[in-house]
Amino acid sequence: MTQRALRWSLIFLPLFIISLPAAGYFAFQLRRNAPPPPAGFLAADKGYGAAIDLTQYDDDALADTLAAMRQSGLVWLRQPIRWAELEPSPGQLNWQALDRVFAAVARNNQKALETGSRAAASRQKNFKLIAVLETAPSWARPADTPPTTPPTEFSNFGNFARVFAARYGQTVDYYQIWHQPNLSANWGDTFVDPAAYADLLREAALNIRAADPEAHILTAALAATLEDGPLNLNELAYLDQLYQAKANRWFDIVAIQPYGLWTKPLDAPDPGLLNFRRAELARQVMLNHGDPDTPLWATAFGWVAMPADWSGQPSPWSNDLPSVQSPRTATAIEHARRNWPWLGPMLAARWDAAGLAADDPAR
């Protein structure tokens, strides 16, 4: 492990102990010595970031949060876009909250560009939004089902995606379609269905690309699990079925969540084990389908760290002391950047503890 990797891990450790759920925390280091990817390869978009709902902050807190993230070197912001909340009635869309936060992000980027000593370098550090289009309003899904239920008519979701892209295409270039559809809880508490998700993805991609020709489409973040269905399906089998359904026509990037959980960062990939290097197995699925050019992005990863004096609810995730998890994180980052040229940005699962109870282990 390089001293630089460990230094970055230790710098970010205090922040992520209190801010990440399943990912816990992770540190940031960007290595430049990996083999160069092919031209146009989206894995060339490296960098680090976190999932964050910017709409939860008032104007002052939003400005402070963006400043803190920029100071920390985080440029990728994974913002949930909840259709269920934005269009509670057909055709009645409320963009006020998103207008406010996206304008704040744009102002922050412009200010950084104007004050930066080198314009090109400042532009590289601009915030980049990943808009996660998810949930369905009650009018668009079957009665008495949760918002995570896919819409009855996928065309309704496509229409929403097109309107969103037309409104925010100047601010958003990356669109992620749904969240963890390989888990029943995120597919309406019913059997998961890769073919149906492929149809949903198609509808969204066609509409987004029509409104925003520069859009990049991410698959939903596929949850790491060992289950074989029908309620939950491991992400390797789910990804394989997406390729069988020819869904690769509708995405530019595959999104995974390679959490470390109970394992060490360099533990070998194993189909029967959930670990960080499980990302290599997802990559192999893509190669098996003759797709070497599509990159993977880790839209959530890491290890859970809990302070020694934690007195809240027990953590449902594997966890250890920061002194143990910090070197694991640094080693994982170095391994990925040295050996995985196909891996793009790496994101934490949460930026802060806003909205969580004081005894919630996700803090």
ask   = Just for segment 60-83: of the residues that are in a helix (DSSP H, G or I) and open to solvent by less than 30 Å² (accessible area, probe 1.4 Å), which one is modelled with the highest pLDDT?
value = Trp83
inquiry  = When you scan segment 169-181, do you find a residue that is assigned to a helix (DSSP H, G or I), under 26 Å from Val101 (Cα atoms) and out of contact with any Lys or Arg (no Cβ under 6 Å at 6 or more places or on another chain), even just one?
reply    = no
remark   = By residue number, the members of segment 127-144 that are β-branched (Val, Ile, Thr) and under 22 Å from Ala103 (Cβ atoms) are Ile130, Val132
task = Give me a count of the residues in segment 186-218 that are more than 21 Å from the chain's Cα centre (by Cα), open to solvent by less than 50 Å² (accessible area, probe 1.4 Å) and within 10 Å of Trp250 (Cα to Cα).
result = 0
ask   = Does any residue of segment 249-260 turn out to be surrounded by fewer than 16 Cβ atoms within 10 Å (Cβ to Cβ) and either assigned to a loop (DSSP other than H, G, I, E, B) or of a type in the set (Ser, Thr, Tyr) (or both)?
value = no
request  = Collect the residues in segment 84-99 that are over 14 Å from Arg141 (Cβ atoms), small (Gly, Ala, Ser) and surrounded by 12 or more Cβ atoms within 10 Å (Cβ to Cβ), keeping them in residue-number order.
outcome  = Ala97
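Yes or no, residue by residue, for (1) of a type in the set (Gly, Ala, Ser); (2) under 30 Å from Asp320 (Cβ atoms):
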residue: Asp193; (1), (2): no, no
residue: Asp199; (1), (2): no, no
residue: Thr225; (1), (2): no, yes
residue: Asn234; (1), (2): no, yes
residue: Gly260; (1), (2): yes, yes
residue: Asp270; (1), (2): no, yes
note = All conditions in (1) out of contact with any Leu (no Cβ under 7 Å at 6 or more places or on another chain); (2) touching a residue at least 24 places away in the same chain (Cβ under 8 Å) are true of Thr152 except (2)
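Just to be sure, is Leu226 in contact with a Leu (Cβ under 7 Å, 6 or more places away or on another chain), modelled with pLDDT of 95 or more, open to solvent by 40 Å² or more (accessible area, probe 1.4 Å) and closer than 19 Å to Ala282 by Cα? If you could, list the steps in order and put the result at the bottom.
On the way: in contact with a Leu (Cβ under 7 Å, 6 or more places away or on another chain): yes; modelled with pLDDT of 95 or more: yes; open to solvent by 40 Å² or more (accessible area, probe 1.4 Å): yes; closer than 19 Å to Ala282 by Cα: yes.
In short, yes.
Would you check if Ala119 is on the phi < 0 side of the Ramachandran plot, of a type in the set (A, V, I, L, M), at pLDDT below 95 and surrounded by fewer than 16 Cβ atoms within 10 Å (Cβ to Cβ)? Working first, answer last.
Working: on the phi < 0 side of the Ramachandran plot: yes; of a type in the set (A, V, I, L, M): yes; at pLDDT below 95: yes; surrounded by fewer than 16 Cβ atoms within 10 Å (Cβ to Cβ): yes.
It is true that Ala119 is on the phi < 0 side of the Ramachandran plot, of a type in the set (A, V, I, L, M), at pLDDT below 95 and surrounded by fewer than 16 Cβ atoms within 10 Å (Cβ to Cβ).
The values are calculated or read from the model by the stated rules, or taken from the named source; none is laboratory data. Nothing here was measured: the structure is a model prediction, and the numbers come from that model. Methodologically, a virtual Cβ is constructed for each residue, glycine included, from the backbone with ideal geometry; neighbour enumeration extends over all protein chains shown. For accessibility, only protein heavy atoms count, side chains too; no ligands or nucleic acids. Shrake-Rupley method; radii C 1.70, N 1.55, O 1.52, S 1.80 Å.
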